[in-house]
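Some notes on the structure that comes next.
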Amino acid sequence: MKDKYPSIAEALNWAREKLHLGESPQVDAKVLLQHVLGCEPVYLLTWPERCLTELQWQQYQDLLEKREAGQPVAYLIGLRDFWSLSLKVSPATLIPRPDTEVLVEQSLKKIVNLADTEIVDLGTGTGAIALAIASECPLAKVYASDLREDAVQLARENASSLHLSEVDIRQGSWLEPFSGQTFDLIVSNPPYIDPQDPHLSQGDVRFEPISALTSEQNGLADIKHIIDTATDYLKAGGWLLLEHGYDQKQAVQQLLDKAGYSQIFTEQDYGGMDRVSGGCYLA
Ligand code: GLN
């Protein structure tokens, strides 16, 4: 007698069909099924004829329903890989983007992993940037801040499950929780999208917190605030590195220049877009 519930192969076919208008039906179908089965990718390939249980099939259908309605896979499974880390994510924070790994790479180029190196990640969200840096620089002292209490909670959970609890994560606006402290490196992926940007009504960003995405003054208000206040929090020769929009290189470089930074540079993301700019503060 044929089992009552679909096999792995049948469930995947059904899901791919259901998601065919989406961006990545193949990958989404697999990732969501792995989540439901609690298995590794190889299991789906090895046992295509194994049948789902009633509960698994129900859970898979529920997830597919939500994905079809546009909810990001990362929120549905509660996880997203970033750098070498698997991070817990929630709708309290932005889902870490692969492009933000460029910001981590550039940060690692600027810091010497010495015991007295102090680094802070502003608006840390899941903790992605701070935790990636901390995982590469065990001797450095890494701090992070976020305005939202639920984000701070999540970042601390991630720190703890990644055995990086020594990262000091504080609640507050940008540099405010660090009054009187100075850093060798200040890094941030702040909100930088213009509130009028039509992309905000498309795709995954619709489900992400708007406070983590948009900023006034054509997306530049928070970047400007960070550039202007960071000078009080940098050691002589310390670096500020920021992620920004693909069309904001010139504006960000000008803001850095005006605020007195030197050695100003911009790096591109993996898609060849201007994405990260920074400068060194000597004064
Ligand atoms: N790069 C993200 C996007 O375009 C936005 C991230 C941010 O605002 N910091 O979806």
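Bear in mind that the values in this text are calculations on the coordinates, not laboratory data. Computed from a prediction, not measured in an experiment: that's the story for all the values here. Glycine also receives a Cβ, built like all others from the backbone with ideal geometry; neighbour counts cover every protein chain displayed.
A few comments on the model shown:
- Mean residue ellipticity (222 nm) of the chain, computed from DSSP H runs ≥ 4 via -39,500 (n - 2.57), nearest 500: -11000 deg cm²/dmol
- With the simple spin-label model, which puts each label point 7 Å out from Cα in the Cβ direction, the Glu216 to Cys39 separation comes to 5.3 nm.
- Within region 111-132, backbone nitrogen closer than 17 Å to the virtual label 7 Å beyond the Cα of Glu105 toward Cβ: 111, 129, 132
- Computed Kirkwood radius, in angstrom, where 1/r is averaged over Cα pairs of region 2-142: 17.2 Å
- Projected area, mean over directions - region 62-118, Cα convex hull, nm²: 5.3 nm²
- Among residues other than Gln250 with Cβ under 11 Å from its Cβ, the summed charge is -2 (Lys and Arg +1, Asp and Glu -1).
- Per residue, the Cα convex hull of the chain amounts to 130 Å³.
- Rg/Rh ratio calculated on Cα atoms of region 34-92 (Kirkwood radius): 1.01
- Averaging over all projection directions, the Cα-based convex hull of region 75-150 occupies 4.9 nm² in the image plane.
- Of the GluC sites (Glu not before Pro) found in region 132-177, those in coil by DSSP whose Cβ has at most 13 other Cβ atoms within 10 Å are Glu166.
- Only Cα sites of region 145-283 enter the Debye sum here, all with the same form factor; the resulting log10 I(q)/I(0) across q = 0.09, 0.12, 0.20 1/Å is -0.29, -0.53, -1.30, listed in q order.
- In percent, rounded to a whole number, the relative contact order of the chain is 14, using alpha-carbon pairs under 8 Å and six or more apart.
- Note on region 164-231: the alpha carbon radius of gyration divided by the globular reference 2.2 N^0.38 Å gives 1.32.
- Counting beta carbons within 10 Å around each of Leu175, Leu213 and listing the fewest first gives the order Leu213, Leu175.
- Neighbour-count order for Tyr75, Tyr246, fewest beta carbons within 10 angstrom listed first: Tyr246, Tyr75
- Positive minus negative residues near Met273 (Lys, Arg vs Asp, Glu; Cβ under 13 Å): -3
- Straight Cα distances below 18 angstrom link Lys141 to the lysines Lys109, Lys110, Lys235, with same-chain residues fewer than 8 positions distant left out.
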